[in-house]
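The values are calculated or read from the model by the stated rules, or taken from the named source; none is laboratory data. Model, not experiment: these values are computed from the prediction. Here the Cβ is made from the backbone with ideal geometry for all residues, glycine too, and neighbour counts use every protein chain on show.
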Amino acid sequence: MGKRLSSILLAALLLAGLLPRPAAAQEPQFTPNVSYEFGQVIRFELTLENAPPADTLILFFRPEGSENTYTDEVALPPGGRFSVAHEIDLTQLRLAPFTEITYWWLLATVDEDIFSPTYTFFYEDDQFEWQTLAEEPVTVHWTGTDAAVAQVALDVVKETLVTVRPFLPDVGSHPLRVYLYPTAADLRAALRLTGRDWVGGHASPELGVILVTAVNSRTAAADLRRSIPHELVHVLLYQAVGPAAMKQVPAWFNEGLATMVEENPNPNYQVVLETAVDNHTTIPLLELCQSFPSDEAEAVLAYAQSASFVSYLQSRFGNQALGQIILAHKDGADCEAGVARELQISLRDLNEAWLADLEPPTPLAYFFDVSGFWLLLLLAGFGITGLLILKPSRG
């Protein structure tokens, strides 16, 4: 009875504030910081206070658009308050430029795993001072003082969205970032630091990012009307089918559609294609389902063929057919099934029909094609003259 009264009295005194409360355990306080050298290293720093005894400290980070979360265990110093710094070698782990990176920390104690909040930072090519011109959902970033170049890029994006709407009607609402590098060498250098190497342009569809070059206002319009439409189609096609189904989209369709919408296509494509058709050395489209050849000359031919073939599909079956092929791949159809399901003809047969359409006419066929109209008029004239000669005269 006495113990019970003592407990009740103690509880009452605590509620009344007449006795001090037991000190509550303080939560660990995470204070992070990040810095980087583009293409070289990322430095993750952490100051941790009120840390209980722990066995392990682990860093987690995930680039935007990536399915992978990277982890690294960090050496844990003793004490309840400590600071650590951990570096990620970007020459080994290639990160796409202009990526938002999410990261967090895990402190593994004897009793529990304590996670920090999640943090983010933007991994940008900081070798340039970028200026911006925005018109939702597009933001153009450029260097220098010539804002006219940025306006050209913005206009080209809007024009391309109108061009592709007949076969990609439900795209163009996602944020898009376009970066205009001052020279092709600057763009190539940036891409090499991230494990890529391409001169004309680069798209990161999962990020909604396009990297192209714009040297000056005199050549910008021509350059950007070729590079931006091409890269933009890659981004829009990715948005239309989704990341999983994008693996089903044939390389010839992806690159052919992108090349077809270029306003200033590579003039060499037509010459290369005509030569291959004349020599019967075209690449079967079935061999261009997964990827293009690594050999430069073969790759140029693959681009030329793909653009010509997709244009053939458009002219023969219409824009709606292109849209239906895209939907077929979104549903999981592979390289051959995407065409066969919607057009009711095999890819092999379409390949033959397209090549037959490209075959130069025989000399006789060419003569009739060029001179047929006048030949018909001449024959008609002979016919009328003959009738007049044979017409009996009235006596």
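Some points to look at:
- Some residue of segment 151-163 being modelled with pLDDT under 95 and part of a loop (DSSP other than H, G, I, E, B): no
- All conditions in (1) in a helix (DSSP H, G or I); (2) of a type outside the set (S, T, N, Q); (3) in contact with a Phe, Trp or Tyr (Cβ under 9 Å, 6 or more places away or on another chain) hold for Val212, with the sole exception of (1).
- Residues of segment 11-58 that are at pLDDT below 55 and surrounded by 13 or more Cβ atoms within 10 Å (Cβ to Cβ): Leu14 alone.
- Any hit, segment 209-218, residues being among the β-branched types (Val, Ile, Thr) and surrounded by fewer than 18 Cβ atoms within 10 Å (Cβ to Cβ): yes
- When we screen Gly338, Gly332 for residues that are modelled with pLDDT of 60 or more, touching a His at 6+ places or on another chain (Cβ under 9 Å), in the same structural domain as Val277 (by TED's automatic domain parsing) and over 28 Å from Asp278 (Cβ atoms), the only hit is Gly338.
- Subset of segment 224-237 that is in contact with an Asp or Glu (Cβ under 8 Å, 6 or more places away or on another chain) and surrounded by fewer than 23 Cβ atoms within 10 Å (Cβ to Cβ) - its residue that is nearest to Ser311 (Cα to Cα): Arg226
- Scanning segment 30-72 for residues that are under 15 Å from Thr109 (Cβ atoms) and outside any loop (DSSP other than H, G, I, E, B) returns Phe30, Leu48, Glu49, Ala54, Asp55, Thr56, Leu57, Ile58.
- Selection of segment 328-339 for residues being buried (at least 17 other Cβ atoms within 10 Å of the Cβ) and part of a helix (DSSP H, G or I) yields Ala328, His329, Lys330, Cys335, Gly338, Val339.
Here is a yes/no grid of residues against (1) at pLDDT below 95; (2) in a helix (DSSP H, G or I); (3) among the hydrophobic types (A, V, I, L, M, F, W, C):
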{"position": "Glu287", "(1), (2), (3)": "no, yes, no"}
{"position": "Ser294", "(1), (2), (3)": "yes, no, no"}
{"position": "Glu298", "(1), (2), (3)": "no, yes, no"}
{"position": "Ala302", "(1), (2), (3)": "no, yes, yes"}
{"position": "Ala307", "(1), (2), (3)": "no, yes, yes"}
{"position": "Ser311", "(1), (2), (3)": "no, yes, no"}
{"position": "Gln314", "(1), (2), (3)": "no, yes, no"}
{"position": "Ile325", "(1), (2), (3)": "no, yes, yes"}
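- Scanning segment 77-105 for residues that are within 13 Å of Pro32 (Cβ to Cβ) and of a type in the set (A, V, I, L, M), we see that the one that is surrounded by the most Cβ atoms within 10 Å (Cβ to Cβ) is Ile101.
- Top-ranked residue in segment 120-145 [being surrounded by fewer than 17 Cβ atoms within 10 Å (Cβ to Cβ) and of a type in the set (Ser, Thr, Tyr); ranked as farthest from the chain's Cα centre (by Cα)]: Thr145
- Of all the residues in segment 217-252, those that are without any contact (Cβ under 8 Å) to a residue 12 or more places away in the chain and either within 26 Å of Glu287 (Cβ to Cβ) or of a type in the set (S, T, N, Q) (or both) number 3.
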